[in-house]
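What follows is a set of notes on a single structure, which appears directly below.
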Amino acid sequence: MTEDPKPRRRQARGERRIAQLLQAAADVFCANGYTATSTNAIAREAKVSPGTLYQYFPNKEAIAIELGGRLIHEMRERHGQVFTPENVALPLPELIDAILDPMIEFNCLNPAFLALMHGSEVPGRIAEEHDELHASLLSQVRELIGARAAPALPVEELDRVADMAFAVFKGGLALIVAAPEGPARDGAVAELKKVLYRYLEPLLAEEGARVTTTPPR
């Protein structure tokens, strides 16, 4: 017997509808913030009726949890690909490029990530997953700095440097995402890289013969 293709078609339509609703939610969260967003606003953005939305999500919190979960999963995959031994061994300007560029690209393509994760009254489950992601990233930044510091930094100073570098990145990232695409955003990226280079260069050893003293432009 051949398999009935109708269930597969219904499933594909459902997945497309969910993707449509999540994209609409991302747009509205970016424009209004999580707290000020309503399911009616999401339905309007998606060009569907509220009843259609409720077929897939019971409320705004469920939408935020699904969207946030997908974004966090993708973000985890991104940072798992940048903190590699090969990148850690790069000269500092190249190391900064290798780590920051994928992170910046992700957040510029998904501005809802910052809007949702840093909004007030974000669902607890999303806040917890974001806190875990934050702790994981900070731990990897700390390990990277510890591996490259010359001479080795005391634990207290290592923690302070990692915290400061990560805070600088997050602050710069918010400015980058808010900047219009083009020269303004490119300039903000260059400034963030310059700040991080100037801060870290006195602390981190360069890699062998590939040492360079030219800061990121």
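The values are calculated or read from the model by the stated rules, or taken from the named source; none is laboratory data. Just so it is clear, the structure is predicted and the values come from calculations on it, not from any experiment. Please note: Cβ atoms are built from the backbone with ideal geometry, for glycine as well, and neighbour counts cover all protein chains shown. Ligands, DNA and RNA are excluded from the accessible area calculation, which covers all protein heavy atoms including side chains. Shrake-Rupley method; radii C 1.70, N 1.55, O 1.52, S 1.80 Å.
What are the residues in the range 33-90 that are hydroxyl-bearing (Ser, Thr, Tyr) and outside any helix (DSSP H, G or I), if any? Of everything in the range 33-90, those that are hydroxyl-bearing (Ser, Thr, Tyr) and outside any helix (DSSP H, G or I) turn out to be 34, 35, 37, 38, 49, 56, 84.
In this entry, residue 163 is excluded by the filter for residues that are under 20 Å from the mean Cα position of the chain (by Cα), closer than 17 Å to residue 34 by Cβ, among the acidic types (Asp, Glu) and open to solvent by 50 Å² or more (accessible area, probe 1.4 Å). Take the residues of the range 94-114 that are touching a residue at least 60 places away in the same chain (Cβ under 8 Å) and either open to solvent by less than 30 Å² (accessible area, probe 1.4 Å) or among the polar types (S, T, N, Q) (or both): which is nearest to residue 31 (Cα to Cα)? So the residue we want is 112.
In the range 42-56, the count of residues that are surrounded by fewer than 18 Cβ atoms within 10 Å (Cβ to Cβ), closer than 25 Å to residue 178 by Cβ and modelled with pLDDT of 95 or more is one or more. All but one of (1) assigned to a helix (DSSP H, G or I); (2) more than 24 Å from residue 33 (Cα to Cα) hold for residue 152; which doesn't? Result: residue 152 passes all but (1).
Every listed requirement among (1) under 16 Å from the mean Cα position of the chain (by Cα); (2) open to solvent by 70 Å² or more (accessible area, probe 1.4 Å) is met by residue 189 save one, (2).
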